[in-house]
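The values are calculated or read from the model by the stated rules, or taken from the named source; none is laboratory data. Everything numeric here is computed off the predicted structure, so don't read it as measured data. Cβ placement follows ideal geometry from the backbone for every residue including glycine, while neighbour counts extend to all protein chains displayed. Calculation scope for accessible area: heavy atoms of the full protein, side chains included, ligands and nucleic acids excluded. Shrake-Rupley method; radii C 1.70, N 1.55, O 1.52, S 1.80 Å.
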Amino acid sequence: MTDLEVRHLSKTFGATRALDDVGFSVAAGQIHGLLGGNGSGKSTLIKILAGVHTADPGGEFRIGGETVPADATTPALARRCGLRFVHQSRSTFPELTLAENIAIGDRFPTSAGRVRWAQLRKRTAALLERFEIDADPRDRLGDLRPADQTMVAIARALQDAQGAGSVLVLDEPTASLPEHEVAVLLDALRRYARAGQTILYVSHRIDEVLDITDAMTVLRDGRHVITRSTQGMTEAELIEHIVGRPVERVFAETTGEHAAAGEPLLEVTGLSGGPLRGVDLTVRSGEIVGIAGLLGTGRTELLRMIFGDLPRTAGTIRLGGTAVQPRNPGQAMKLGIAHVPEDREHEAAYLDLSVRENLSAAEITKYWVGGRLRRPPERRDADRAIADFAIRTSGQDALMSSLSGGNQQKVVLARWLRREPRLLLLDEPTQGVDVGARADVYAAIRGAVSGGMAALVVSSDFDELAHACDRVLVLRDGRITAEVRGAELHRQRLTELVFTKENTP
Ligand SMILES: Nc1ncnc2c1ncn2[C@@H]1O[C@H](COP(=O)(O)OP(=O)(O)OP(=O)(O)O)[C@@H](O)[C@H]1O
Ligand SMILES: [Mg+2]
């Protein structure tokens, strides 16, 4: 039985053809993957389903027995047809209780103008039970583990949907979840599908898609490539569909034998504060060092503390042999430290400026000579960055907001690498970057460190850490508990070290 069918869907933004005559169907009760490289049109398709964008005339979709012209979608219509969305920014409220999160947006039960809390709690408890979330309606959402928070967002989206007949659309739900939390969420999604829930699932994580989906659709450059059952699909074949050419390995086998590391560039001793309890680490110039750890162990805080963005209670930081005490990011930047935060959309991308302005933002003074902005070099550098990072855009004058999520990410990274910092702190640098471009991102980082810089990288993707880093430090309970390098440096070993208690010295 088909639950959702998309036909002849096209969408043009100015000169960009984001979707070109795309059609596929999603069977009821299945988990259907929607895959494709950065800028291939996934989010655009979802936004059309959601009624956020309207498609070009001619397309349509069929859902719940209704045929909807794709140039006439509205959020209300999408709801009525049974489409439910959980976007990557979950739009839930960590400070509020679960009951309040479930009810927000007009769903508070009231009588005589007063909220009936007991009724709301009862309703929430029933919903939590239905979605098998082990929590109390009075718990604060922010206190739940990350996978459970996503499940609450799903429960919220589906609370008034009629079970079978509704389609849940998830746009990269696992992008910011650490490995273990991913497993918890995927288990939950499997249970929901077994209970008859149809799910359209967008993700860049190949193994996860092969693991969880029943069928999949791949888009490339706005065009439909294939829709088929997941059974029998290999990783290599799937990557080839996404990238458009065979890819031997995502990361070239040059890893493992890098140029010899130089002098210690960053030396951290006894760093404490927040979740950190005495972190010692050294990064040499020419090195890419990874940090593996669970969410909440202080990975993000470690980078921010070195960047002067979070206060520390103890510890010393030496940069190039000299003790430094950056008290704020401005001071850290003057010392030659760059930091690319995890939440790029909110912290690092200027959506209303052009791609060129975003690329120049960190070094604009370079182009001001004698009180005049030197456009030609700025334009030349921008074109080079767009080529180096394979940024998909109509040109450097395009607005940042017109780029797909993964391409915005590449712009932000390119901006920081162009500053030629001494030390680069990267938090989840490939989050949302497609499988074809991940290696490009690391190649750019590798190129930068081979010039004498050093990089400290946090990633939830242990496979990526193992392939792209010279060595990886395991952060547990606020301290570095292991260092892995050479033949030992592979995903399984990192997973073991991060999860197994006995490894704590
Ligand atoms: N508002 C917009 N204005 C102009 N162009 C846009 C707009 N939104 C998307 N595009 C373009 O449409 C194409 C498809 O973008 P889309 O966001 O759908 O990609 P995606 O598959 O979701 O990629 P990613 O994996 O990076 O999130 C891209 O070339 C993008 O630049
Ligand atoms: Mg997208």
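Observations on the structure shown:
- Among the residues of segment 374-392, those that are open to solvent by 90 Å² or more (accessible area, probe 1.4 Å) and closer than 15 Å to V433 by Cβ comprise D388, R392.
- Residue in segment 86-94 that is open to solvent by less than 70 Å² (accessible area, probe 1.4 Å), under 22 Å from S43 (Cβ atoms) and hydrophobic (A, V, I, L, M, F, W, C) present: yes
- The number of residues in segment 9-35 being over 22 Å from D211 (Cα atoms), of a type outside the set (S, T, Y) and surrounded by fewer than 17 Cβ atoms within 10 Å (Cβ to Cβ) comes to 6.
- Count of segment 185-243 residues which are open to solvent by 10 Å² or more (accessible area, probe 1.4 Å), among the β-branched types (V, I, T) and assigned to a strand (DSSP E or B): 3
- Filtered by the rule that a residue be more than 16 Å from ligand 1 (Cβ to nearest atom), buried (at least 20 other Cβ atoms within 10 Å of the Cβ) and either more than 21 Å from the chain's Cα centre (by Cα) or modelled with pLDDT of 85 or more (or both), segment 159-181 gives S166, V167, L168.
- Residue count for segment 1-34, restricted to those that are within 16 Å of ligand 2 (Cβ to nearest atom) and small (G, A, S): 2.
- The set of residues in segment 285-323 being open to solvent by 50 Å² or more (accessible area, probe 1.4 Å) and assigned to a strand (DSSP E or B) consists of T316, R318, T322, A323.
- The set of residues in segment 427-472 that are acidic (D, E), away from ligand 1 (no atom under 16 Å from the Cβ) and open to solvent by 10 Å² or more (accessible area, probe 1.4 Å) comprises D463, D470.
- Pairs where the first residue, in segment 444-463, is in contact (Cβ under 8 Å) with a residue 24 or more places away in the chain and the second is among the polar types (S, T, N, Q) and assigned to a helix (DSSP H, G or I), C-beta under 9 Å, 6+ apart: V458/T300; F462/Q492; F462/T495
- Residue in segment 396-425 that is modelled with the lowest pLDDT, counting only those that are more than 20 Å from E378 (Cα to Cα) and either away from ligand 2 (no atom under 16 Å from the Cβ) or open to solvent by 30 Å² or more (accessible area, probe 1.4 Å) (or both): G405
- The residues of segment 195-205 that are more than 16 Å from ligand 2 (Cβ to nearest atom) and in contact (Cβ under 8 Å) with a residue 60 or more places away in the chain, listed by number, are G196, Q197, T198, I199.
- For segment 54-64, the criterion of a residue being open to solvent by less than 70 Å² (accessible area, probe 1.4 Å) and touching a Gly at 6+ places or on another chain (Cβ under 7 Å) is satisfied by at least one position.
- Selection count where residues are within 15 Å of ligand 1 (Cβ to nearest atom), closer than 19 Å to Y442 by Cα and in a helix (DSSP H, G or I), scope segment 380-413: 10
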